[in-house]
Amino acid sequence: YQRRVRESLQVMARSLLIVLGCILKCSAAWPYRCPASANASATISGLVDGSGMVAVVTGADGHIGREITRSIAITNATVVMSCRTEDGCNQAAQELRAELGASAGVLETLVMDLGEFESVSLGAKQLLGRHGAIHVLVNNAGCVWCSNKTGDGWVGTVQINHLSHALLTKLLLPALTPLPDARKPRVVSTGSANCYGPIPASSGAPMNLTADPRVLLEWSRDSSILAPVLGYYSLSKFLIAQWHTELARRHPWLVSFSANPGFSGRSGPGPACPTDIKFRPCPQSFAQSATGVVFSALMPGEEVEAASGGMIDFKTVIQRSNGSLGAIQSGDSCVPRPLPGWLSGSRVDPWADADRERWYDAVDALFG
């Protein structure tokens, strides 16, 4: 009888080890998926209590920006809507208040033009005067067509999409504070699948790899070097992804993500959905395309915090078509993906940690 009991206990122990091994293996896997049909607000509904949270969203009156603002507001958080114009801010805030009613948190407005470093500095000063603690910063404002130079001497697309947001983040770092439930503060930037490149020159040919910050800053100041639309836009989104990884490394007390939205249509000529996008629906609604950004900014969980520095995106495969490499997107979003390498027609060259460190230092030095 004792032998049978001992054998039974041994069997139970082996079974328990197998179960524990399965649990550990399963817990190591990324537990989140957001299909292209997912709605940003529904993705975090009921999972986040934003009471006591202060979030800042730039470009909050834009299509995706408004959906990001709505999704944060419904958690009962205070959302500061940063917009380029007062009229844009007031109209968006008024419409959202009427739509959400008493079920949402407080919506504030802030006029800040990311095409002017002075305006960014003033906006940050106003934010710090209003709120001693900021918990979530979403650097969402962006521009595709701003290839003219700004008054600060930079190509507008690069300044608005990346440099001004780097300045804003630097100025707000002292106020970034853990949330009431001890979650780390978050800094999230809206990226783009264009970060995979290629990055076309003004001639249309792909630019060769460089990680020299002096060269990259020179390109960012000269509106004649890259293609006026996709060249500077793709460059800015590539640099955002690299910068966020270094931000996470230098400040492990916060959570840092670049998050590529889905595809919500194009205003210019061409098909409604590019052939290199395989997820469906395509094009998406703005609420659907904002899902990855909202997930990055709000989703609780140790797994999410541990992925800080990553890029949240759809599944992306680099493959050859018509003699050159291109990025094919499919599957689900809300998943950390490998950072993009520099796509230059025939090869993909990843940046090393040292390259990201040098770029972060170069941007940081612009602002003293």
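The values are calculated or read from the model by the stated rules, or taken from the named source; none is laboratory data. If you're wondering where the values come from, they're calculated on a predicted model, not measured in any experiment. FYI the Cβ positions are ideal-geometry reconstructions off the backbone, even for glycines, and counts take in every protein chain you see. Side chains included, ligands, DNA and RNA excluded: accessible areas come from the protein's heavy atoms. Shrake-Rupley method; radii C 1.70, N 1.55, O 1.52, S 1.80 Å.
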Selection status of Leu167, more than 17 Å from Cys83 (Cα to Cα) and either in contact (Cβ under 8 Å) with a residue 60 or more places away in the chain or part of a helix (DSSP H, G or I) (or both): no
Selected residue (only one of Ala36, Ala28, Ala55, Ala40 is modelled with pLDDT of 50 or more, open to solvent by 50 Å² or more (accessible area, probe 1.4 Å) and among the hydrophobic types (A, V, I, L, M, F, W, C)): Ala28
Qualifying residues in the range 198-215 (those that are in contact with a Ser or Thr (Cβ under 8 Å, 6 or more places away or on another chain) and open to solvent by 20 Å² or more (accessible area, probe 1.4 Å)) - the one nearest to Thr316 (Cα to Cα): Pro198
Top-ranked residue in the range 348-368 [being open to solvent by 70 Å² or more (accessible area, probe 1.4 Å) and farther than 17 Å from Thr169 by Cα; ranked as modelled with the lowest pLDDT]: Pro350
Pair list, Cβ < 7 Å and 6+ apart or interchain, from the range 88-110 residues that are among the hydroxyl-bearing types (Ser, Thr, Tyr) to residues that are open to solvent by 40 Å² or more (accessible area, probe 1.4 Å) and in a helix (DSSP H, G or I): Thr109/Asn90
Residue within the range 237-245 that is exposed (fewer than 15 other Cβ atoms within 10 Å of the Cβ), out of contact with any His (no Cβ under 9 Å at 6 or more places or on another chain) and of a type in the set (S, T, N, Q) present: no
Qualifying position, being part of a helix (DSSP H, G or I) and either over 25 Å from Pro180 (Cβ atoms) or open to solvent by less than 20 Å² (accessible area, probe 1.4 Å) (or both), among Val335, Val317, Val304: Val304
Those residues of the range 87-103 which are among the hydrophobic types (A, V, I, L, M, F, W, C), over 15 Å from Ala77 (Cβ atoms) and surrounded by 12 or more Cβ atoms within 10 Å (Cβ to Cβ), in sequence order: Cys89, Ala92
Checking Ala175 against (1) crowded, with 20+ Cβ neighbours inside 10 Å; (2) touching a strand residue (DSSP E or B) at 6+ places or on another chain (Cβ under 7 Å), the condition it does not meet: (1)
Qualifying residue in the range 275-291 (condition: at pLDDT below 90, aliphatic (A, V, I, L, M) and surrounded by 15 or more Cβ atoms within 10 Å (Cβ to Cβ)): no
Any hit, the range 259-273, residues being part of a strand (DSSP E or B) and either without any contact (Cβ under 8 Å) to a residue 24 or more places away in the chain or open to solvent by less than 50 Å² (accessible area, probe 1.4 Å) (or both): yes
Residue list for the range 178-197, filter: open to solvent by 20 Å² or more (accessible area, probe 1.4 Å), farther than 21 Å from Ser223 by Cα and not acidic (Asp, Glu): Pro178, Pro180, Ala182, Arg183, Lys184, Ala193
Qualifying position, being β-branched (Val, Ile, Thr) and closer than 20 Å to Phe286 by Cβ, among Val155, Val79, Val106: Val79
Positions within the range 70-84 being crowded, with 24+ Cβ neighbours inside 10 Å and either aromatic (Phe, Trp, Tyr) or under 20 Å from His162 (Cα atoms) (or both), in sequence order: Val80, Met81, Ser82, Cys83
Single condition Glu218 does not satisfy, out of (1) open to solvent by 30 Å² or more (accessible area, probe 1.4 Å); (2) touching a helix residue (DSSP H, G or I) at 6+ places or on another chain (Cβ under 9 Å); (3) not in a loop (DSSP other than H, G, I, E, B): (2)
